[in-house]
Structure formats: structure tokens, C-alpha cells
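The block underneath contains the structure these notes are about, expressed in C-alpha cells.
The values are calculated or read from the model by the stated rules, or taken from the named source; none is laboratory data. Computed from a predicted model, the values in this text were never measured in an experiment. Neighbour counts run over all protein chains shown; Cβ positions are idealised from the backbone, glycine included. For the accessible areas, the whole protein counts, side chains as well, though only heavy atoms, and no ligand, DNA or RNA atoms are used. Shrake-Rupley method; radii C 1.70, N 1.55, O 1.52, S 1.80 Å.
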Amino acid sequence: MKKILAKMDIWLLIIMIAFSIFGLIMIFSSSSVSTVLRYNVPQYHFFIRQAMFLAAAFVAGFIVVLNVPTSKYKYISPLAMAAVIVALIGLFIYGRITNNARSWYDIGPFALQPSEFAKSVIIVFLAVSYSRLEKIKNANIYLSLIPVALSLIVAILIAMQPDFGTAIIISGIIFFIFISIPLVKRNLIKVLKVGVIAVGVAVVALLYSGTEILNSRQLQRFEFRNPCSRYTEDTGYQVCNGFIAIHNGGLFGVGLGNSSQKYLYLPESHTDFIFPIIVEELGAIVGTLIIILYVAMLYRILKIAREGENLRLSILAYGVFLYLLFHILVNLLGILALIPLTGVPLPLLSYGGSFTVNVVIMLFVVQRVTIENKTIKNKREIAGLAN
């Protein structure tokens, strides 16, 4: 274990642990009222569950993820991709409806959200797929579209739940990984031609299918400006109360546990809207510090991706960078009414079993990438000295 720790990115690990502990504290603070008044469960309910999710994810990360070479992912990724697609299809029959989306399986006292794990599976699947293509000499550019097409099937199934926030994040991950592939960069014009044709066919098919692409409730989400002018409407209520929480906090906050907006004004105070509660209780200074730490975490991950000793390692780290970046941007920009609100949680701070486990596991995958980068680099330097 000491050898593994020595090769890990310590700063990334410290930030990860700090966010996890701070998130636990704020989940307890932000949910302490709603647990009793809304959910009729003990005050510590969400705190205990989140602690269990974090403990399980960290144990799995240290014991399993750090010790499994990423070269073994080629055996796992096809099965995982098939399992995700089957699980997403199964939701249409067995899924539980929450917030007008059929996204969850009830498994005893817990709920499983396949779309969260779909993000990590797609990252691994694309890393393995393009690593294989790179080894094929004179690989046809059109072969590179096959992994994208399979991944987009997942995004479409998630959009059909409907969960457009998650579908958009997955589509963004797919797009940016795809355009970063060396084979694609060398054949960008061909790829753009295929892309334009595919989009055109999709638009025509949708227009003539008679299908309602967005229902009235989903269209209302695009009314995101000036939320407080629509305080009594669904499109403005939550965001406006988030504004009130941020305003109440000022620079230094009203004190830990003293939020007024968590008294059911913000129904999702421990999940999607945990950031306004943090600012209300601890102030804008702490809120700014959180954003700075997120930037530092993203910088460390992007640095690891750029230092990747092979394409597989680079895509794995870069995919996690995109995953976290999109979640942070979509959450914060939605809360600030700069984009439509989509109900996306904040990494390591918001409550959520599937999401939390997935984020922690993927951060350990980045650590595994760091270990392999350093191992390969050391072997190369030793070989150089021997010659």
C-alpha cells in the first residue's frame, strides 16, 4: 500500500477527502429539517446513508480500483456497456418515477440510478475502444464512429426517461473525447461531413415522426431568466429561493446549521441546491473557496490526462475531467439562472448514492492512471540508463 500511495497524486487525494468530509457535514446541516418535516425520518438519515456510500466507494477504490491495471478494462468494458443498455431499457418497465423521470430501480432500502454509472462506463468504453483503434495501422476513420454510435444509444435512452440533464452531460463527454482522438484530428473534414449528414437525418426524422420532442413542462425550463419574477411558478420558485439563500449568507454566512431556506423553501436543499445552503450558512468566502478547490481538482486531473503515457490512460483521465467539469458547470450555472435548471448534483457535496459512488470510483481510476503513468515513466528511464 505504501508503494501505491507514493505513486498517487497526493494533492488530488487530499482535495477528494476534504470535499467528502465537508460534504457530509453540509448534507447533515442542509437535510436536518427536511428529514423530519418532509420525509418523516430521523435527522441523521441522509448523513448516515451518505457516509455509508462514501465508505463503500473508498474501500472499493483502495482495494480494487488502485490494484487493477487499466489494461484489464478491455475485458470489462463491453460487458459493462451491454449491462448499462439493458438496465436503461429495463427502466421503462420496472423503473420508479421520481420528479417526472423514470430513472431509478428500487433495491430494498436503496435506489439504483443506471444513468449515473453510464457516464463512467462510457468513459472506460471509449478509452478501450480508441486504444484498440490506435494500434490498427491505417485504421479507417469511419471505424472511429462505431464507439460514438454505441455511446449515443445510451444518451438517447436516458433522454427518453426523460433526463435531459444527464443526457446532455453524456453527449458532451462523448463529443469532446471523440474530437480529442488523434485519428479524428487528422481526418476532421471527413468527420464533420458525416456529422452534418447524421444531424440532418435526425432532424428530418424527428420533424416527420410527429413525436413531441419536449413536453410543456420541459419547455418551461427554458424560462430561466429573472426567476424571482415567477416565484409562485415551478420555473422560478427553487432558483429564487436559492438566490435568497445566497443573499442571506453575505460574506461570512449566518452560521453552520442556521439556514432559513432549508425549512422546506428549497425542496432539494441536500442534493441539487446544496451550494446555496453552504453560502447561506458559511458565506460567499467559503463558496468562493469551494469553486477554487474545484478548479484545483480539475487542473490536477487534466494535468494527469496530458501526461498520459498512452491513449487509454489519457482518455480515462480526460473523461473524468469532462464528467466533473460538466456537473459543476451545469449545477452552478443552473442555480445562478445562467442556464436552464436541469437538476444535476454537485460532485462530492450533494447527497446521492449512485452519483457519489460513481464519482469516488472514477477519481480512483484517475489515481490508477497516475500510478501507471509513473510506473511506465520509471521503466523507460531505467531502460534509458541501461542503454
* To do: Spot the failing condition for Ile278; the list is (1) closer than 16 Å to Thr370 by Cα; (2) in contact with a Gly (Cβ under 9 Å, 6 or more places away or on another chain), and only one is missed.
  => (1)
* Asked: If we keep just the residues of the stretch 78-126 that are assigned to a strand (DSSP E or B) and touching a Pro at 6+ places or on another chain (Cβ under 9 Å), which is surrounded by the most Cβ atoms within 10 Å (Cβ to Cβ)?
  -> Ser103
* Somewhere in the stretch 57-74, is a residue closer than 27 Å to Glu268 by Cα and modelled with pLDDT of 95 or more? -> yes
* Candidate set from the stretch 161-193 (those that are assigned to a loop (DSSP other than H, G, I, E, B) and either closer than 23 Å to Leu324 by Cα or in contact with a Phe, Trp or Tyr (Cβ under 8 Å, 6 or more places away or on another chain) (or both)); member that is most open to solvent (accessible area, probe 1.4 Å) -> Pro162
* Asked: Failed condition for Tyr351, given (1) touching a Ser or Thr at 6+ places or on another chain (Cβ under 8 Å); (2) open to solvent by 40 Å² or more (accessible area, probe 1.4 Å); (3) in a loop (DSSP other than H, G, I, E, B), with all others met?
  -> (2)
* Asked: What pairs can you find where one residue is in the stretch 1-24 and closer than 25 Å to Val279 by Cβ and in contact (Cβ under 8 Å) with a residue 60 or more places away in the chain, the other is outside any helix (DSSP H, G or I) and among the polar types (S, T, N, Q), and their Cβ atoms are less than 6 Å apart, with a gap of 6+ or different chains?
  -> none
* Is at least one residue of the stretch 14-36 assigned to a helix (DSSP H, G or I), surrounded by fewer than 20 Cβ atoms within 10 Å (Cβ to Cβ) and at pLDDT below 95? -> yes
* Asked: So, in the stretch 293-341, of the ones that are among the β-branched types (Val, Ile, Thr) and open to solvent by 40 Å² or more (accessible area, probe 1.4 Å), which residue ends up nearest to Leu12 (Cα to Cα)?
  -> Val295
